[in-house]
Amino acid sequence: MKILITGGSSGLGKAIVKLLSLDESNILFFTYNRNEEEARQLESSRVNISAIHCDYSDKDSVTKLCEMIPSWNLDVLVNNAYVGKVQNDHFHKISSEDFLRSFEYNLISTIRITQEVVKVFRKNKFGKIINVISACVINTPPIGWSMYAANKAYLLELSNSWSKEYGKFNITSNCISPELMATNLSKEFDYRIVEQMISEHPLKKLLTPEEVAETVLFLIKTSQQMNGVNIPINAAQNIL
């Protein structure tokens, strides 16, 4: 399959690229912004991987990516990229301009890219959209996550709409909602909070990106009957 993974140079995105590239029949395109060295190393690790620079905060950069999409004839889109921090300040301390900027960078960029991909999917009468959400849309979000949680909840509802609107074209739109993972992101949190999360976890460990990547692989391989779902990956701490 021909697959585009946004934000594929580190963390979960990198784990997804590495796992999917093991199947030599897959042709992978992934976007990166700041981590060029890591992106090039990943690109050079296998012949079926291509790294594409895209800055979600730059409209022209997103436009360039959108212009490339038709020539790739994609089968799968993984919306994984996110601009900004997960944890910010308390809601009342965040300006409306900051909310607007985050919405433009994360949602509008994702919408533009998905629209271009959907055009290809409709033409081919086949396609899979996989959206990385968060367990915080299932749980009560931690303090300081209001901006991140709002963006992810918006994407979740978009995915629900896409699944209904494009199902007749044999296009699926599904989501995964992982809990906090053991990545560079978790290193930004107060170590005491992370330790508490581990102690309260049923498995006594943080989720790994590799475990989440396996769920992405499942959604790629599964039947088109699997459509409009949101899979929580949080050791049954919350059940939909």
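The values are calculated or read from the model by the stated rules, or taken from the named source; none is laboratory data. What you are looking at is a predicted structure, and each value in this text was computed from that prediction instead of being measured. All Cβ positions, glycine included, derive from the backbone under ideal geometry; neighbour counts span all protein chains shown.
One residue stands out in the range 118-147 among those that are in contact with a helix residue (DSSP H, G or I) (Cβ under 7 Å, 6 or more places away or on another chain) and aromatic (Phe, Trp, Tyr): the one that is nearest to Pro232 (Cα to Cα), namely Trp145. In the set (1) within 21 Å of Phe126 (Cβ to Cβ); (2) of a type in the set (Gly, Ala, Ser); (3) part of a helix (DSSP H, G or I), the condition left unmet by Ser25 is number (3). Scanning the range 191-240 for residues being modelled with pLDDT of 70 or more, part of a helix (DSSP H, G or I) and either farther than 17 Å from Glu179 by Cα or of a type outside the set (A, V, I, L, M, F, W, C) (or both) gives a total of 10. Checked against the criterion of being surrounded by fewer than 21 Cβ atoms within 10 Å (Cβ to Cβ) and among the polar types (S, T, N, Q), the range 170-182 contains one or more residues that satisfy it. Looking only at residues in the range 97-147 that are of a type in the set (Asp, Glu) and exposed (fewer than 15 other Cβ atoms within 10 Å of the Cβ), the one that is nearest to the chain's Cα centre (by Cα) is Glu104. When the test is whether a residue is within 17 Å of Cys66 (Cα to Cα), polar (S, T, N, Q) and modelled with pLDDT of 95 or more, Thr114 passes it. Return yes or no: is Leu74 crowded, with 21+ Cβ neighbours inside 10 Å and closer than 20 Å to Ile171 by Cβ? Yes; evaluated as a whole, the condition is true for this residue.
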